[in-house]
Structure formats: C-alpha cells, structure tokens
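Let me begin by presenting the structure, written as structure tokens, before commenting on it.
The values are calculated or read from the model by the stated rules, or taken from the named source; none is laboratory data. Predicted model only: the values in this text are computed from it and were never measured. All Cβ positions, glycine included, derive from the backbone under ideal geometry; neighbour counts span all protein chains shown.
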Amino acid sequence: MTGVIASIIDGVLVGAVYGLAAMGLTLIWGVMNVINLTHGAMIVLGMFALYFLASAVGLPPYGAVPVTIVIGFVVGVLVYWIAVHRVVGRAHLMSLLSTFSMNMVLIGLGTALFSTSPYNVPVPLPGVTWEGYTFTGTHIMAAILALLIAGLLYLLLYRTRVGKAIRAVADNREAAELNGIPTTQVLSFAFGLGAALASVSGTLIATLFPFTVLSGGAYELKSFVVTVLGGLGNPAGALMGGVALGLIEGIATPFMPVSWTPIIEFLLFIAVLILFPRGIFAFTRFS
Amino acid sequence: MAAHKSFQGATEAAALKSKEYRGVSPIIWHIWRRPFTWLIALVGLAFALLPALGDNVQLRESLLLAAVYITLASNLNIVLGYTGYVNFGNIVFFGLGGYICVYLVSEWLWPLSAAALIAGISVSLLALIFGLGILRLRGAFFALATIGVNEAVKAFVSNFEPWGGATGIYLSLEVYEPLGGPRQALWTVYFLIVAVMTGSLFLSYAIKSSKFGLGLLAIGENEDAAAVLGVHTPLYKALAYSVSAFLPAIVGGLFFFKTGIIEPGGAFDLTRSIETIVMVMLGGLGTVTGAALGAFLYEELRGVLLTTEAFSHFQLVIAGLLLLGIVLFAPGGLMGFIYGRWPRVRRLLA
Amino acid sequence: MTALLEVTGISKRFGGLQAVHDLSLTVLDGEILGLIGPNGAGKSTVFNLINGVYPPDKGRIVFKGQDITGEPPYRIARHGLARTHQIVQPLVGMTVLENCTVGACFGRAHLPLGPAREVVREAAEIVGLTDRLDDLAGQLTTAGKKRLELARALSARPELLLLDEVLAGLNPTEIERMITVIRRIRDGGIAILMIEHVMRAIMSLSDRIVVLNLGGKLAEGTPREIASNPDVIAAYLGEPEPTAASRGV
C-alpha cells in the first residue's frame, strides 16, 4: 500500500511541473485566443538547453533554469512575430495551422541536427527516504522550482504594470487599445512568456527523465489535458490540473503498462472537454 | 396563418420546378450536365489507361501513390474545407480501414472487395458515433481531439494482439491467389484505387453542389449564424466527419493489402496526416480541384525531395515552411489565386 | 387576434448579473411589437432566449401553441421564427444569393436547392437587393449587409421575424427605405418583434410597445401611451419639452 502512496506522492511532484508547462499554454490561450502548437517544441528547447548548458558550458543544472527562461522567452517572441502576429483574430484554423507548421519546422530542424537519439542529463542530488522508499532529490527540487516560478508568474500578472496590461488585453483587446495599451507588444510579450514557461518546464523535466527531440509531443498532450482540466485561460487552474494529472498517473502507473498512458490521457481529455467545458478547476479563476 | 402573397407565388413556381426533376435526385440532375463531372471522369480514365496501355509498372506505382493522396485530400476537404474544422488526425481513417481490411483478408480469408467495403462502413460508423461526441468541441479543441484520437488508436492497436500488436500483420502471398497471382493482383488493386479516387472527387463535388454542402459551407463561414438560420449543426458536422471517413478507409484497406504489411507506425503516421492538410491548403481550401491538384503537386514534390539526399532529412521542415507560407501569404492556395485572377474559371471548375 | 408568441416569466442570469428578470410579453398574429429600453436593459438577451441561443433559467416560451423553451436555434428556425442580429452576421465568403438560399433551405420553408432560388429572388426584391445577388456578402455596404440580414431571414418564410436594431448605423434615407420595407413585410402577414433605438421609427411602426429596464418590464402599451408614460420618460425617453408633450409625441 505504501508503494502506491509513494507513487502518488511522486506523481504529484512531477505533476507540479506538468502544471507549470500547462500554465504557458493556457496563458497564451487566455490572452490571445491562440492554441500554441509550438508548445511541444518549446519544451524540447528547454530540454536541450539544459543539456548544452550543463555539458558544454558546465553550468550547474539548476543554474540553467533562469537562462532557459530567457532563451524560451526570446524564441517565443520570435515565433510570435513570424507565425502568430498575422493570424491573431483570424479563424482558429489559421493560427492552428501556422503554429503547427512552425512546430514542424522546429522539430524538423531538431531532428536533422540531433537525430532521434535519447539524451540524458544526470543530476546528482540526494533524495529523501521514507518508509523504505526514496523520493529522488530531483523530483522534489523540480516541484519546488515549479511552484516558485508559478509564484513569480502570479506576482508578475497581479503586481506589476506589465501584468495588468496583459490581463487587460486578455479581457478585451479593443478596450485596452483604446486605453493606450500597446496591445501588439503585450501580445508578443505574453507569447514569449508562455513559451518561456514551456521551456523552463522542459528543463525541469530533463532533470528527471531522459529525452529525445520527439519527446515534446507526449508532454504537449499532457499539457493540453491539464489545460483543459484547469479551464482555458486560467493559470491557477492549470497548476492544480497538473497536480491532478500527476496524481492520476501516480495511481495508475503501478497497475498499468506505460504504453497505455496516451489512451488514458486522451480519454480523460475528451471526457473533461465534454463534461466540464470550463474546466474542473474553473472555480480557481481569479478575475 | 397568412402567407406572404408574393411568397405564395414563389412557392408555386418552386413546386412546378420540382416536377422538372422527374423523380431523379436533384443532385444528380444538377451535376450530370456540368462539364466538371466529365472532367473528373476523364481524370479517372486517364489514371486507369495511361499505365495500362503501356504495361508501365513504374508509372502505375507513381500514379497509385498520387491516387491515394488525392483520395485522402478530397475527403479531408469535406470537413476541413467545407466546415472549417481541422481534422488533424485524419489519417486514423486510413490506418484503421487498412487494419480492418487486412485483418479480414488474412485471418478470415475474405475476398478483397468485401473486406475493403466492410472496412469503409465500419470506420464510417465509428466516425459517426465518435463525431457526435467530439464535434461539439469548437475549433481548436476539435483539432486537438483528432490528434488524440490518432495517437490513442495507434497506442491501442500497438497493444492489440489479434492485430499483431506492435509488429503488425504480414500478408502471405496466398492472399493474392484469388486475384490471379501477385502480378495481376497489383493491377486489379490499382484499378480499384483509381475507382475510389474518382469516387472521392465525385463525392466531394456532389456534396458541394447539394443542400447538405450548402449547410456545411454555412457552418464553415459562421457556425452560430448557420444554426440560427436553421442548419442542424451538430448532425451535419457529424455526418460530414463520417462521410469523410468512408473512402479513405477503403483506400487504406486497398493500399495496405497491396503493400503486404501493416504496422501501427506506418498506418497511423501523423506526418502523413499533416501532409494531407498541406495538400488541401496548397491546392485551395474548399475546392474540389484544389484538393486534387494540391495532392498531385505535393506528391511530385515529395518524390523529388526524398530522392535528393540533402533534402530527405528536411522533409518535415520543408512541409512546415510550405504550410506556413500558404497560411500567412496565400490562404486561398493555388485555386484561390487562379479564381482571383480569372473569376470565370470558377463557374467551370469547383 | 391570436397570440403567436407567448413569453411567460423568463429570467436569465450571467454570473453576477441578472440580465432578464421575470419578463412576460406576447406577440399577436400579424402585429408589430416594439421592444425599447436603455442600453443594458436586456433586450438582446430576450431575443437570444426566444431564439434558442441559450435557455432561460426560468419561464416558458410558447410559439404557435408549442413550447419551444430551451430548444436549439436550428429547431426554432424550423418552427417559423427568424431573426436578424444587431451586429450583422453575413456569411462573408458567399454571395448574397447563397446567403439567402441558406435561409430558404434551412428555415421554415425548408426548400430544396432549386425551388429555394425562386423564394430568394422574391425576398431580395422586397428588400431591394435584386441587383446584388451575385455579389459577395463581404463586399456590401453596412446598409447592404443589413438588408442581406433581412432578406436572409425572409427567405425562410417565417411567421415571426425578430429584428435586432435593424436601423442602427443607417442614414436617414436608408432608414426611410427600411421602414417601408418593414411595413411591406408586415402587410404580407409576417408578425414582427423589433428592438430599436430610433424612436420615430419604432413609434410609427409599432402597434404596441414593451419597454424594458434593468431586465424587467417597465411598461407596455400603444406608442402614444408609452410616449406619455412618466416612468418611461424618466428612465429612457428623457424629460420632454412642454411643447413636445402637448403635441403628444
């Protein structure tokens, strides 16, 4: 029984990272009504950033975290201007296809450069032992950092002028524009922010598991499930949804082969979309 | 209930006009005399005769692939082009149809035509049931759900032992005997695929010319307005989704029968799914000609790229850039450009 | 005169806002009922409730004796209710003809494609769009788009037409033209429920008027009664000058 509990606690820890990733996705959706299909590529970006910063530059693993935030942000802003700017406000079809095609380009380049071989970043961190089960230090650290970054995001959104501008544009872009807010710049900032969140979560995931260029897809699916659980446009809900997904995975893993995970997640995704269109955690919405 | 006087007159005129159809379905009546119908028939005939007349196996193989893609693209157009719903996971019909057909032929020793037909019908039915569920999801959610469908079905099939699990099903040469041996079978299957391709072009054209198609196009323009105007949006979307599954499932069955093996990765290849979307966008979203043209051109392009060593790694990148370029700068695709320059052509083609 | 539409005690709440509260109204066969009130009074919400865009929290909506409360919009259209929108919703990529054909094929008329074209020509003639049938809806002027909304709704051969600020954004000439069209529609036997802010139009067109304020019914009566009702004047029309009042505006 304690085995299942250990698995659950472990799942919750990883779930915090899922939540962080999903916050990036849900933020972009909430602000500009765009589903960012480069999300997976951003996660992979964060993973490889960790690898190169740790091995090539010799940075301590968790030192890469702030660097990845910056890299992710910059790449996100670039993606915004290339693929998103012209299609914001047009039919959903267009932004879906443009972000998706950007994703294809990025992953395609990644595959050409790094092939599909697995990469790994070993992070020596002592774990915590309880009742004969060890919770790896990396899991605990990842969860702590995820919550920390989520907290910083909260501060940014609710205690700074930029955050206020972002929330204003999310609420009503035209009104914000009329009030003198440079909405286009706010949009690109928000997109960069969402990408940064995805990237840094990729970095954290890379401290936990080995990865390949194609790993983004699985985590992107998880992010969508979480986003839907939390309700689109609701960052706090995304965090809770992430923990919930981690919980579910924790309960399921002892009893089910891992190749069944996509099926379970997909069914959950559909069920929540149909039964709880506003998200199960919609009550955590702030505004 | 007083009816509008002049509407009364209009309705009477309308009733008289109905009699003109003489019991033939109005759709058939409308498109029978249109030149585009003959154009489709001509294309089908060309595909069938050109390789056959010269016993040209290389041409046949090349055209076979093109025919498969034209089938996939024109059927995808029914959902993507007409209703605007992005079926990212459209390849699932192809793969599932392939599996059902191959399984029936190899395990139950069914004749090919029956197996392919049943594959088409069952996938279509599944799509209808499933569609009723996921089509209430708007725009982006629907798109994501279709990706999820594809991945989930792939994962399921990989674990499904009766269908060979992760290794798939291999067809022994015996299955080609009822068709006159492997060499003859390849020709027969080719003609069947050409028939399905021609059928797909007819189908998407017929739908576009019908009341059903008008409803779909209205949904694509403005779903809420369409509902207010009386279009039964959930049913129509589900029907479109289901209809768009039928022929791709059949062609999947035929294709994998011809190939001789089917395994999860190749059957539910998401890249191929995306490429189909690129084809439709390239040719011109919502047009019958565009879907066919886009499929043909993309297939030729792909063939060139794959043989050039330098480009084969970048297949995904190039497809991505192409799609991005189309979305940003030419969302109407080729036919959009042509119709814009020469509006008269629009009356001739569809 | 029989009641065509009976709305009884409908309410609708959106989060913290009670948009409509315990509202009842009746539209009689062949009449024009005006619906007026200050902005935010809940007028468009009432339309959306009748039309099936969302269901009421409480209350009933009965059309031609049939309970249509909470039915989806496409079913309500089939019953014989058509509606125009305050912010026009043309099917932009389609021609005027195609737009109206959608109305004819899927509304109460529910015609097949061929016969639908005939009905569309009639509707286009009534609103004055006969020359523009092959133009793309997106290329019309604002006035043209408003007329398209109307033609499209008419093509369905409805028995009740819901007009949501169909005169908004039109210049005086266009308004006059539209008023004539609306009268012609009513004379053909179609009842009309119309939301309007252009006072002289609604006063001259309506047989009766219902005044809404803060989600509830403030007053109901003939245009003359409404114009002189002190509550209505205070809430919406504004204090009239003494000379205007004595003229019975």
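Numbers at a glance
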item: Per-region count, region B:112-154, residues crowded, with 21+ Cβ neighbours inside 10 Å, out of contact with any Leu (no Cβ under 6 Å at 6 or more places or on another chain) and over 22 Å from residue B:85 (Cβ atoms); result: 2
item: Hey, residue A:150 touching a helix residue (DSSP H, G or I) at 6+ places or on another chain (Cβ under 9 Å) and farther than 30 Å from residue B:316 by Cα or not; result: yes
item: Region B:266-301, residues that are among the small types (Gly, Ala, Ser) and more than 18 Å from residue A:104 (Cα to Cα); result: B:266, B:267, B:283, B:284, B:286, B:290, B:291, B:292, B:294, B:295
item: Residue within region A:146-154 that is surrounded by fewer than 17 Cβ atoms within 10 Å (Cβ to Cβ) and within 18 Å of residue A:76 (Cα to Cα) present; result: no
item: Any chance residue B:322 is surrounded by 24 or more Cβ atoms within 10 Å (Cβ to Cβ) and either outside any helix (DSSP H, G or I) or not small (Gly, Ala, Ser) (or both); result: no
item: Criterion violated by residue B:230 - all others in (1) within 14 Å of chain C (Cβ to nearest Cβ); (2) in a helix (DSSP H, G or I); (3) over 20 Å from residue B:86 (Cβ atoms) satisfied; result: (2)
item: In region A:64-118, the residues that are in contact with a Pro (Cβ under 8 Å, 6 or more places away or on another chain) and more than 8 Å from every other protein chain (Cβ to nearest Cβ); result: A:118
item: Subset of region B:178-216 (residues that are farther than 30 Å from residue B:260 by Cα and away from chain C (no Cβ under 14 Å)); result: B:205
item: Filter result for the condition that a residue is surrounded by fewer than 21 Cβ atoms within 10 Å (Cβ to Cβ) and among the aromatic types (Phe, Trp, Tyr), over B:205, B:170; result: B:170
item: Single unsatisfied condition, residue C:101 versus (1) under 19 Å from the mean Cα position of the chain (by Cα); (2) crowded, with 17+ Cβ neighbours inside 10 Å; result: (1)
item: Flag for residue C:167 being in the same structural domain as residue C:40 (by TED's automatic domain parsing) and closer than 27 Å to residue C:120 by Cα; result: yes
item: Within region A:25-140, helices (runs of 4 or more DSSP H) holding 2 or more residues that are in contact with an Asp or Glu (Cβ under 9 Å, 6 or more places away or on another chain), surrounded by 15 or more Cβ atoms within 10 Å (Cβ to Cβ) and not hydroxyl-bearing (Ser, Thr, Tyr); result: A:39-55
item: Pair list, Cβ under 6 Å, 6 or more apart: region B:234-255 residue farther than 10 Å from residue B:131 by Cβ, other residue among the aromatic types (Phe, Trp, Tyr); result: B:248/B:93; B:248/B:94; B:249/B:93; B:252/B:94
item: Qualifying residue in region C:227-244 (condition: surrounded by fewer than 17 Cβ atoms within 10 Å (Cβ to Cβ), assigned by TED's automatic domain parsing to the domain that holds residue C:49, in a loop (DSSP other than H, G, I, E, B) and modelled with pLDDT of 90 or more); result: no
item: Close pairs (9 angstrom Cβ cut-off, 6 or more residues apart or separate chains): touching a residue at least 12 places away in the same chain (Cβ under 8 Å) and crowded, with 24+ Cβ neighbours inside 10 Å in region A:196-211, acidic (Asp, Glu) and assigned to a helix (DSSP H, G or I) anywhere; result: A:198/A:220
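Listed here are the residues, each with its yes/no results for (1) over 30 Å from residue B:340 (Cβ atoms); (2) assigned by TED's automatic domain parsing to the domain that holds residue C:213.
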| residue | (1), (2) |
| --- | --- |
| C:11 | yes, yes |
| C:33 | yes, yes |
| C:55 | yes, yes |
| C:85 | no, no |
| C:105 | no, no |
| C:109 | yes, no |
| C:112 | yes, no |
